[in-house]
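Peer 1: Here it is: the structure, laid out below.
The values are calculated or read from the model by the stated rules, or taken from the named source; none is laboratory data. Just so it is clear, the structure is predicted and the values come from calculations on it, not from any experiment. Here the Cβ positions follow ideal geometry from the backbone for every residue, glycine too, while neighbour counts run over all protein chains shown.
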Amino acid sequence: MEFGIFSIGDVTTDPTNGTTPTEGERIKATVTIAKHAEAAGLDVFATGQHHNPPFVAPANPPVLLANIAAQTERIQLSTATTLITTTDPVRIAEDYSYLQHLADGRVDLTMGRGNTGPVYPWFGKDIRSGIPLAVENYNLLYRLWREKNLDWEGNFRTPLNSFTVTPWPLDGVAPFVWHGSIRSPEIAEQAAYYGDGFFHNNIFWPTSHTARMVNLYRQRYEYYGHGRADQAFVGLGGQVYMHRDSQQAVREFRPYFDNAPVYGHGPSLEDFTAQTPLTVGSPQQVIERYAGFREWAGDYQRQLFLMDHAGLPLKTVLEQIDILGEQVVPELRKEFAANRPADIPEAPTHEWLVARQRAGEAPVPGGAPGTRAHEDRLAAEEEARQKQASSTN
Amino acid sequence: MIEIVAVSTGLSEDSATSRLADRMLRSAEDALARRGEEATTTHINVRHLAKALVDLTVSGFPAPELDEAFAAVKRASAVITVAPVYKAAPAGIHTLFWQLVDDASLAGTPVLLGTTGGTPRHSLAAESTLRPMIAYLKGYALPTSVFAATDDWGSGEQAGLDRRITQAADELAELALALNPNAAGSSSDAAPGGAEDPAPEAAAGSAAVSPEPAADSDAPAAPGVPYAGPARESGRSAITPNGLGERAREERTRDEFDPDSVTPFSVLLGG
């Protein structure tokens, strides 16, 4: 089980003192936060991708992640998310391959569509085509990392003739991909089809909803024959603010909550903590709440926390990461390890993916011959053939 | 069984809007009963959802009570919606409710419009604002809407208001039954959906003959009812392919996260 943090890189005025970091300060702080996360014993740092203020998450996450990779030893570098809709899949393939080499394989990605309307036209796309873009672009990306001299033609970019990604992925193995979606069943289905991971950033959502999305992904993962439903790769979001005195935690966090981008000036802190994973209180409260995720999500692989947002000063963010690393994560590791079946995989590492590929056990998109999905597809094709034959007679 | 959901915005404890919505709801129940059909009713007061509606608008945070209300609307076979009119437009939180439900939440659903206001000069608010919203949500806004001004609650005008409510409720009942022929416990032969059903296109444009709704056969003739719609008298309807309401309800209440009914990825990929 991996624990880490994810950042959206918002530049927000601290509501308690009116100061706003410069873009430069915020960017440097992000690197400090990532290094601190490794020092605190966390497993993952993930960055968002943004093209609009008030965010300085990189437009191309490998730029930031390569810088962090050079200053860290162990932490896994990921995204939350890589915009598969508006970023050219060829550039994603090449930039993340390059990063994989620089970071010695400590790289994976989470695909997202992005919900900021204007970003789409800035990159020549249309938000109404969000799902078709995610479907076509990822299919191309998947093939780019696996087929040399690729000939390809689609609806959303110029065709490719005899194209080979440069550099080729480290050890000939593509980085692991999670597919992130909050409410699109198509994306859970996409993750299951390829045997990839599914990440639900549930920080604004009731667990009842998240549980249904995770269940859909797990059932379809099994349907495609990649493993049992409980062996599928699930990641979840989270959000906490801690103090040993839980009332003090609430007092300190409330002004940040009330003025936060996205959810500020809306629901009360009390409603929001009751309905979403946001937990504001003692480390013990956080441990109890998050250990309970297993009850509705099953044994899962990755838990990311949002820590650096809403104008919280760097010093506070680093303290929160310390509490997470020293008091919360060690306890959660114990809780999640207890009674976890031995055949539930951990979150994939590069070494694990290489071993899986060499053993010939990499998932076959849509299901290998012999799986139910494969047989259903053959039957559907046969039916279509017969229909066509009878209509031409 | 027809499920009627009323969505009204009664802003005071004993508001004219809530009172009108209650009467329309009861009248619709009676109109169905006269046709031999039972109804269940749910009355949602938007006032209790005001904060949740604003939270969803500004922060995208879906409060559970709002999800429940939206689900009730999707489940309904008939809807009544009643708003108070301010400055010649329905109160903002009322229109906000309909602006935040999912698209097509009212597909195939007959909708009765009602408004209340201080003076008769507010009487077109339902026509100019609510009717297009209901059409956008694919609902059938009924021809008769009910407007109650202060005058209508006085003794002299009361009878006129009652007549309008009865007429509107009859329209609602007729259309709800035409759209949901299997709603009646007595009818079991006409299956909803399925390849045998006439395609909706076949009914468009001209008055296509629908299969005789079984609900009609044993329903009382509703003597003394001032209005009886075309579906009942002739078994024909220009706008209501038989069972459309049931099929639409099935579609809009479908669990999109059900692993057994999700669109296979090969279909998405094949485009």
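Peer 1: Just checking, which of B:Ala28, B:Ala50 is closer than 30 Å to A:Asn115 by Cα, modelled with pLDDT of 95 or more and in contact with a Ser or Thr (Cβ under 9 Å, 6 or more places away or on another chain)?
Peer 2: B:Ala50
Peer 1: Say we look at segment A:202-243 and pick out the residues that are aromatic (Phe, Trp, Tyr) and either within 11 Å of chain B (Cβ to nearest Cβ) or out of contact with any Lys or Arg (no Cβ under 9 Å at 6 or more places or on another chain) (or both); which of these is nearest to A:Asp343 (Cα to Cα)? Give the steps one after another, and end with the answer.
Peer 2: Filtering segment A:202-243 down to residues aromatic (Phe, Trp, Tyr) leaves A:204-205, A:217, A:221, A:223-224, A:233, A:241.
Next, only the ones that are either within 11 Å of chain B (Cβ to nearest Cβ) or out of contact with any Lys or Arg (no Cβ under 9 Å at 6 or more places or on another chain) (or both) stay: A:204-205, A:217, A:221, A:223-224, A:241.
Numbers: A:Phe204: 32, A:Trp205: 30, A:Tyr217: 19, A:Tyr221: 16, A:Tyr223: 18, A:Tyr224: 18, A:Tyr241: 34 Å.
Among those residues, the one meeting the criterion is A:Tyr221.
Peer 1: Ok, one more. Can you name the condition, by its number, that A:Arg294 falls short on among (1) crowded, with 18+ Cβ neighbours inside 10 Å; (2) away from chain B (no Cβ under 14 Å); (3) part of a helix (DSSP H, G or I); (4) in contact (Cβ under 8 Å) with a residue 40 or more places away in the chain?
Peer 2: Result: A:Arg294 fails condition (1) only.
Peer 1: State all residues of segment A:262-274 that are surrounded by 17 or more Cβ atoms within 10 Å (Cβ to Cβ), touching a Gly at 6+ places or on another chain (Cβ under 9 Å) and in contact (Cβ under 8 Å) with a residue 24 or more places away in the chain; if no residue qualifies, say none.
Peer 2: Within segment A:262-274, just A:Tyr263 meets the criteria.
Peer 1: Scanning segment A:275-289 for residues that are part of a loop (DSSP other than H, G, I, E, B) and in contact (Cβ under 8 Å) with a residue 60 or more places away in the chain, which turns out farthest from the other protein chains (Cβ to nearest Cβ)?
Peer 2: Applying the filter and picking the extreme gives A:Pro277.
Matching residues to (1) crowded, with 20+ Cβ neighbours inside 10 Å; (2) among the aliphatic types (A, V, I, L, M); (3) modelled with pLDDT of 95 or more; (4) assigned to a loop (DSSP other than H, G, I, E, B):
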{"residue": "B:Asp151", "(1), (2), (3), (4)": "no, no, no, no"}
{"residue": "B:Arg164", "(1), (2), (3), (4)": "no, no, no, no"}
{"residue": "B:Leu177", "(1), (2), (3), (4)": "yes, yes, no, no"}
{"residue": "B:Gly185", "(1), (2), (3), (4)": "no, no, no, yes"}
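Peer 1: With the condition kept exactly as written, say whether any residue in segment A:104-115 is surrounded by fewer than 18 Cβ atoms within 10 Å (Cβ to Cβ), out of contact with any Asp or Glu (no Cβ under 9 Å at 6 or more places or on another chain) and modelled with pLDDT under 95.
Peer 2: yes
Peer 1: Quick check: is even one residue across segment A:148-161 within 14 Å of another protein chain (Cβ to nearest Cβ), free of Cβ contacts under 8 Å to residues at least 40 places away in the same chain, surrounded by fewer than 16 Cβ atoms within 10 Å (Cβ to Cβ) and under 18 Å from the mean Cα position of the chain (by Cα)?
Peer 2: No, segment A:148-161 contains no residue that is within 14 Å of another protein chain (Cβ to nearest Cβ), free of Cβ contacts under 8 Å to residues at least 40 places away in the same chain, surrounded by fewer than 16 Cβ atoms within 10 Å (Cβ to Cβ) and under 18 Å from the mean Cα position of the chain (by Cα).
Peer 1: I've got another one for you. Working carefully through the options A:Thr47, A:Thr32, A:Thr22, find the one that is surrounded by fewer than 18 Cβ atoms within 10 Å (Cβ to Cβ) and within 20 Å of A:Gly325 (Cβ to Cβ). Spell out the reasoning first.
Peer 2: Details: A:Thr47 fails: surrounded by fewer than 18 Cβ atoms within 10 Å (Cβ to Cβ); A:Thr22 fails: within 20 Å of A:Gly325 (Cβ to Cβ).
On inspection, the qualifying residue turns out to be A:Thr32.
Peer 1: Residues being of a type in the set (A, V, I, L, M, F, W, C) and within 13 Å of chain A (Cβ to nearest Cβ): count how many of those fall in segment B:71-106.
Peer 2: So the count comes out to 1.
Peer 1: Take residues that are under 14 Å from B:Ala169 (Cβ atoms) and of a type outside the set (A, V, I, L, M, F, W, C) and tell me which of the helices (runs of 4 or more DSSP H) falling wholly in segment B:15-104 contain 3 or more.
Peer 2: Working: elements: B:16-34, B:50-59, B:64-75, B:92-100.
Where helices (runs of 4 or more DSSP H) fall fully within segment B:15-104 and carry at least 3 residues being under 14 Å from B:Ala169 (Cβ atoms) and of a type outside the set (A, V, I, L, M, F, W, C), they are B:16-34.
Peer 1: Can A:Val234 be described as farther than 19 Å from A:Arg302 by Cβ and either among the aliphatic types (A, V, I, L, M) or within 18 Å of the chain's Cα centre (by Cα) (or both)?
Peer 2: Taking the combined requirement at face value, the residue does not satisfy it.
Peer 1: Name the residues in segment A:177-201 that are touching a residue at least 60 places away in the same chain (Cβ under 8 Å) and either over 23 Å from A:His226 (Cβ atoms) or at the interface with another protein chain (Cβ under 8 Å from one of its Cβ atoms) (or both), would you?
Peer 2: Within segment A:177-201, just A:Tyr193 meets the criteria.
Peer 1: In segment A:303-355, which residues are in a loop (DSSP other than H, G, I, E, B), among the aliphatic types (A, V, I, L, M) and surrounded by 14 or more Cβ atoms within 10 Å (Cβ to Cβ)? Quick ask: steps written out before the conclusion?
Peer 2: To start, the set of residues in segment A:303-355 that are in a loop (DSSP other than H, G, I, E, B) comprises A:307-313, A:338-349.
Applying the additional criterion that residues be among the aliphatic types (A, V, I, L, M) yields A:307, A:310, A:312, A:338, A:342, A:344, A:347.
Passing the criteria: A:Met307, A:Ala310, A:Leu312, A:Ile344, A:Ala347.
Peer 1: Restricting attention to segment A:297-326, and to residues there that are polar (S, T, N, Q) and closer than 21 Å to A:Asn339 by Cβ, which single residue is farthest from the other protein chains (Cβ to nearest Cβ)?
Peer 2: A:Gln303
Peer 1: Here is a further query. Test of understanding: among A:Ser268, A:Ser282, A:Ser246, which residue is of a type in the set (S, T, N, Q) and in contact with a Lys or Arg (Cβ under 7 Å, 6 or more places away or on another chain)? Let's see the steps before the verdict.
Peer 2: Details: A:Ser268 fails: in contact with a Lys or Arg (Cβ under 7 Å, 6 or more places away or on another chain); A:Ser246 fails: in contact with a Lys or Arg (Cβ under 7 Å, 6 or more places away or on another chain).
Checking each option against the conditions leaves just A:Ser282.
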